[in-house]
1. What is the percent carbon and sulfur in the accessible area of the chain, measuring with a 1.4 Å probe over the protein chains and ignoring ligands?
2. If you bin the C-alpha pair distances of region 5-106 every 5 Å from 0, what whole percents do you get?
3. At 222 nm, what helix-only mean residue ellipticity would the chain give, in deg cm²/dmol to the nearest 500, using -39500 (n - 2.57) for each DSSP H run of four or more?
4. Each residue of region 63-70 in turn: what ³J(HN,Hα) in whole Hz from Karplus with 6.51, -1.76, 1.60 and θ = phi - 60°, glycine and Pro shown as x?
5. 5 Å is the cut-off here: which amide hydrogens, built 1.01 Å from N in the peptide plane, fall below it relative to Val48, excluding neighbours closer than 5 in sequence?
6. Once ligands and nucleic acids are excluded and a 1.4 Å probe is used, how much of Ser67 is accessible, expressed in Å² to the nearest 10?
7. Per residue, how much accessible area does the chain have with a 1.4 Å probe, in Å²?
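The values are calculated or read from the model by the stated rules, or taken from the named source; none is laboratory data. Just so we're clear, the structure is a prediction, and the values are computed from it rather than from any experiment. Areas reflect the complete protein model, heavy atoms only, side chains present, ligands, DNA and RNA absent. Shrake-Rupley method; radii C 1.70, N 1.55, O 1.52, S 1.80 Å.
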Amino acid sequence: MQLDLANSAALSVQYTGLSATYELETFLIWDRARGLDEFRRGLQFFDVGSQNWAYADTRGNIAYFTSAEMPVHEDLQGGTMAGLPPWFIRDGQGGNEWLPVQHPQPQQAIPYEIYPADEMPHVVNPPAGWFVQRQQ
């Protein structure tokens, strides 16, 4: 946090990686994984940052997942946006804070409400037989 008392200004940063997390567990599970279900189980422990994962196995399964503990913002949950979108620095005047955890998810590390894994972008064995992760 940077504080300028003379001008009544401050900058604080919230980042999911500032909490204790379990990424090492992800790789330990994946090192022993024998299939898609075990790969998905390992994803539950990858908490920091939005990561894109592609999966393929010898049984012909393919999949794409986004993993992270993505905090729920109070304004977006209410269907509005207070100030700038969450990928910008927001003004911190309130109305766009991370909600406290109310519905803990499996293996959750951070003390804030996060989106469940099934609400994060993912596809398993798409009908076309392939997938593309597009940048917006």
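1. Carbon plus sulfur share of accessible area: 54 percent.
2. P(r) for region 5-106, in whole percents per bin: 2, 10, 17, 18, 15, 13, 10, 7, 5, 2, 1, 1, 0.
3. -4000 deg cm²/dmol
4. Couplings: 7, 10, 9, 10, 10, 3, 8, 8 Hz.
5. Close amide H contacts, sequence-distant or interchain: Glu69.
6. Ser67 exposes around 10 Å² with every protein chain in place.
7. 70 Å²
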